[in-house]
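Step one of this worksheet: look at the structure below.
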Amino acid sequence: MSDKMSIFIDKISQFINTYYLDPIKTDSGYNIVNTFTWAIVLGICIFGIFKLLKKMEIKITPEFILSILPFVLAGSSLRVIEDSPSDIFHPPLSYMLITPNIYFLVFGVTIICLWLSIKLQKAGFVKDYHPVFASFGLVWFFLNLGTLLHFENVVAAYVPVFVIGAGTGLTLVFYLVARHFKSSIFTDPLNLSILLAHMMDASSTYIGIEKLGYFEKHVLPSYLIELTGTALVMYPLKLIIFLGVIYALDTQFEKDEESENLKMLIKMVILILGLSPATRNTIRMMLGI
């Protein structure tokens, strides 16, 4: 191997370590490079999931989105098990909980449970697969939560109370304002659920940074918090993004079935992007992890 090729490979290796591997190993958060990369990967995954659900003949409805939320809770609580200092799981099982393996694990389990639920409906054992599918996720979530409570102590029980209370209160205020102005878009239950998830995420970020000594890992929020000197900036940030994205989704998409399905999938992903970190942050802080 020539010296030039060796230098080139070393630089590539250093780049990958600096922007991708080291942040995972040290849990130091995100940077511009890996944030942009994960955004592209997310876009590809959304397209792949859209094709997969279409092949499975699944229409993405509010009922389907509601039934998948327990798996978001399960995946987020599983991440806390990975974060736990108690080393709850040991190799080789613990290797499955390392990022990004844990994402494939959660996705795989979710798809298997979805497939099984649909099979039960087609076989006539159940009338509707949605409650069965949701039940699988709830059982998994409570098993994770029970495991964490067995190995860890609750040190800040007020955290989930604050996160859920603040998120719900702010969403209610927004709903009342939207109803006053007769906005059908911003009084829609699914859209309000998206706002609720992100208000809870903002609340978990606020209490974690301002009261408990945690730090923000994402690039833009971290920059804005440093710029303003307060994590309260997460509330208007989330609200501005919510207003723009939801309005665009509900006004710019075509009305055909495929476009409607894609719009609902994007809404589901946005909801998950709020609920997942809110759940993980809240459980971590409650247990002092």
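Going through region 62-88 one residue at a time, which ones are of a type in the set (Ser, Thr, Tyr) and either part of a helix (DSSP H, G or I) or at pLDDT 95 or above (or both)?
Within region 62-88, Ser67, Ser76, Ser77 qualify.
If I filter region 13-56 down to residues being modelled with pLDDT of 85 or more and not hydrophobic (A, V, I, L, M, F, W, C), which single residue comes out as most open to solvent (accessible area, probe 1.4 Å)?
Among those that are modelled with pLDDT of 85 or more and not hydrophobic (A, V, I, L, M, F, W, C), it is Lys55.
Listed residues Ile225, Ile289; which is surrounded by 13 or more Cβ atoms within 10 Å (Cβ to Cβ), closer than 17 Å to Leu73 by Cβ and over 18 Å from the mean Cα position of the chain (by Cα)?
Ile289
For Leu262, state whether it is under 17 Å from Gly167 (Cβ atoms) and either open to solvent by 20 Å² or more (accessible area, probe 1.4 Å) or modelled with pLDDT under 95 (or both).
When the stated conditions are applied, Leu262 does not pass them.
Can you find a residue in region 239-258 that is modelled with pLDDT under 90, open to solvent by 20 Å² or more (accessible area, probe 1.4 Å), under 30 Å from Ile58 (Cβ atoms) and of a type in the set (A, V, I, L, M, F, W, C)?
yes
Rundown of residues vs (1) under 19 Å from the mean Cα position of the chain (by Cα); (2) farther than 22 Å from Lys267 by Cα; (3) assigned to a loop (DSSP other than H, G, I, E, B), yes/no style:
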{"site": "His150", "(1), (2), (3)": "no, yes, no"}
{"site": "Asn153", "(1), (2), (3)": "no, yes, yes"}
{"site": "Ala156", "(1), (2), (3)": "no, yes, yes"}
{"site": "Gly165", "(1), (2), (3)": "no, yes, no"}
{"site": "Gly169", "(1), (2), (3)": "no, no, no"}
{"site": "Ser183", "(1), (2), (3)": "no, no, yes"}
{"site": "Thr187", "(1), (2), (3)": "no, no, yes"}
{"site": "Ser193", "(1), (2), (3)": "yes, no, no"}
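Of all residues in region 164-181, how many are among the aromatic types (Phe, Trp, Tyr) and open to solvent by less than 90 Å² (accessible area, probe 1.4 Å)?
Looking only at that region, the number is 2.
When residues of region 103-127 are filtered for being open to solvent by less than 70 Å² (accessible area, probe 1.4 Å) and not in a helix (DSSP H, G or I), how many remain?
Residues flagged as open to solvent by less than 70 Å² (accessible area, probe 1.4 Å) and not in a helix (DSSP H, G or I) within region 103-127 amount to 3.
Out of (1) surrounded by fewer than 14 Cβ atoms within 10 Å (Cβ to Cβ); (2) over 26 Å from Leu196 (Cα atoms), the odd one out for Lys59 is which?
Looking at each condition in turn, Lys59 falls short on (2).
Could you tell me which residue of region 62-76 is nearest to Asp188 (Cα to Cα), considering only residues that are open to solvent by less than 20 Å² (accessible area, probe 1.4 Å) and among the β-branched types (Val, Ile, Thr)?
By that ranking, first place goes to Ile65.
The values are calculated or read from the model by the stated rules, or taken from the named source; none is laboratory data. All of these numbers come straight from a predicted model, not from anything done at the bench. Positions of Cβ are generated from backbone atoms using ideal geometry, with glycine treated the same way; all protein chains shown enter the neighbour counts. Side chains included, ligands, DNA and RNA excluded: accessible areas come from the protein's heavy atoms. Shrake-Rupley method; radii C 1.70, N 1.55, O 1.52, S 1.80 Å.
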